[in-house]
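Below you'll find the structure, written out as C-alpha cells, and then a few comments.
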Amino acid sequence: MLTKHPHATGLPGPKVAIIGAGAAGLMAARILTASGLSVTLIDKSRGLGGRLATRRVESFAFDHGCPSVHVSDPADLALMADLTAAGTAVAESEGKYLGLPGMSSLLKPLAEGLDLHRGVRIAGVRREPAGWYLRPDTADDAEMGPFDWLLVAAPAPQAADLLAGYPDVSTQISKAVMAPRWTLMVVPDGDLNQESERIQFEDEVLDFAIRNDTKPGRGGPESWVVHARQDWSGANLEISSDSARDRLLAGFRAHIPQGYPRYVTAHRWRFAEVASPLGGPYVIDPDLRLMAGGDWCLGPLVTDALASGRAMAAQVLAFSEPALR
Ligand SMILES: Cc1cc2nc3c(=O)[nH]c(=O)nc-3n(C[C@H](O)[C@H](O)[C@H](O)COP(=O)(O)OP(=O)(O)OC[C@H]3O[C@@H](n4cnc5c(N)ncnc54)[C@H](O)[C@@H]3O)c2cc1C
C-alpha cells in the first residue's frame, strides 16, 4: 500500500491518538504509522470509513452515505490506484471511484496494521502534563493514554463538543457549517423500469436517487438510495425515522409508481455534508499538541477530508522530526 518510512521500525517517537476513522482520520493514521509513529485510531462505529458507508440487510446492500468519490488531485489518484490494486476500489469512469464491494470498503487497506479500536465512543478528553487522556463512554473500557498528540477527525459539531474544554480550538471548529440529509433505502417489489441509474428530481422533498445493485461489484435485487433535499432534511431533522421513511417513500412513489416495497428504511445523517468550510486544512493548538480536521476544514468532498488528514499528519511529522532523527 503506502511506502514505509525508514523510521517505521518501532523506534520511539511521539504517541498519537486519532478520534475518527473516516477518510481524514484513516489518511492521517496511515501516514503517521508508515512514518514510524505509534498511532491509536478510535471510532465509535463498528465499521470503518465514517460517511463512506454501506448498510447491509439480508441480501441487500446500500451505499447510504457518500455514493461515489471524484478525484483529480495527483495524491488522490495515486491513492485510488493503490486501492484499486488492493481490490477495494474500482473506477466507474475517469476520476470517479467506488468502493468494493461497498463504499465502506474503499479505504479499508489504509487500516491494515493499525492499532484500531472500533465501537468505542470517546466521551471526554483531557490534557495532563504527561499528555492526552481519552475517556470511552462505556464503563468496561479503561481510559486511554497518555498520548503526545490528539487529532480529532470527527464532523465539526462533534469535534467542537468533544473539545468544549479547549475553547480556543472549539470556537474555531464551530465556524464550519454542516448540513444534514435524510436518505431512504428502497428495494422495490418489482422492476422500476428506469432507463437511468441516477434520477434527479424537481421536488420540494427529494433531491436525487441512485440505483445501487447495478454499481460495479454489487448485484442482488434492484435497490435504490434516495437522497432528500438538504433544506427539507434540515427542516425535518427531528421527525422520527418512520415519519421520514413514509414521507420520502410517498415522494418517491409519486415520481415512480410502484407497489409497496419489499424493504424500505430511512437514515438521518445529522452532519452529512459541509455547507460552509473553515478555509484551512485543520485547527491546531501547538502548545497542547492538539489538532482537529476533516472535510469541514476544506469543502464538502471526500477529497477534502483526505487533504485535511494528510495536512494533519504532515504537521505532526514536522513537530516530531527531532524525535525521529
Ligand atoms: C448522504 C451523503 C452524500 C455524500 N455525497 C458525497 C459525494 O457525492 N461526494 C463526496 O466526495 N462526498 C460526499 N459526501 C461527503 C463525504 O462522505 C465526506 O466528505 C467524507 O466522508 C468525510 O470524511 P471525514 O473523515 O471528514 O468524516 P467522517 O467520515 O464523518 O468520519 C468521522 C468519524 O468520526 C467518528 N466519531 C465521531 N465522534 C466520535 C467520538 N466521540 N468517538 C469516536 N469516534 C467518533 C465517526 O463515527 C466517524 O466514523 C456525502 C456524505 C453523505 C452523508
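Some observations on this one:
- Qualifying residue in the stretch 120-141 (condition: closer than 30 Å to Leu206 by Cβ and within 11 Å of the ligand (Cβ to nearest atom)): no
- Any hit, the stretch 158-177, residues being touching a residue at least 40 places away in the same chain (Cβ under 8 Å), among the polar types (S, T, N, Q), near the ligand (Cβ under 9 Å from one of its atoms) and farther than 30 Å from Ala250 by Cα: yes
- The stretch 15-41, subset assigned to a loop (DSSP other than H, G, I, E, B) and under 13 Å from Arg118 (Cα atoms), residue farthest from the ligand (Cβ to nearest atom): Ala21
- Strands (runs of 3 or more DSSP E) wholly inside the stretch 219-325 containing at least 3 residues that are among the aliphatic types (A, V, I, L, M) and open to solvent by less than 20 Å² (accessible area, probe 1.4 Å): 224-228, 263-276, 290-292
- Residues of the stretch 42-61 satisfying the condition of being in a loop (DSSP other than H, G, I, E, B) and near the ligand (Cβ under 6 Å from one of its atoms): Lys44, Ser45, Gly50, Arg51, Leu52
- Residues of the stretch 201-217 that are β-branched (Val, Ile, Thr) and part of a strand (DSSP E or B): Ile210 alone.
- Among the residues of the stretch 191-200, not a single one is open to solvent by 30 Å² or more (accessible area, probe 1.4 Å), within 20 Å of Ala28 (Cβ to Cβ) and part of a loop (DSSP other than H, G, I, E, B).
- Of all residues in the stretch 56-95, none satisfies the criterion of being farther than 25 Å from Pro155 by Cα, without any contact (Cβ under 8 Å) to a residue 40 or more places away in the chain and surrounded by 19 or more Cβ atoms within 10 Å (Cβ to Cβ).
The values are calculated or read from the model by the stated rules, or taken from the named source; none is laboratory data. Being a predicted model, the structure only gives us computed values, none of them experimental. Backbone-built Cβ (ideal geometry, glycine too); neighbour counts: all protein chains shown. The protein model used for the area step is the full one, side chains on, heavy atoms only, and it has no ligands, DNA or RNA in it. Shrake-Rupley method; radii C 1.70, N 1.55, O 1.52, S 1.80 Å.
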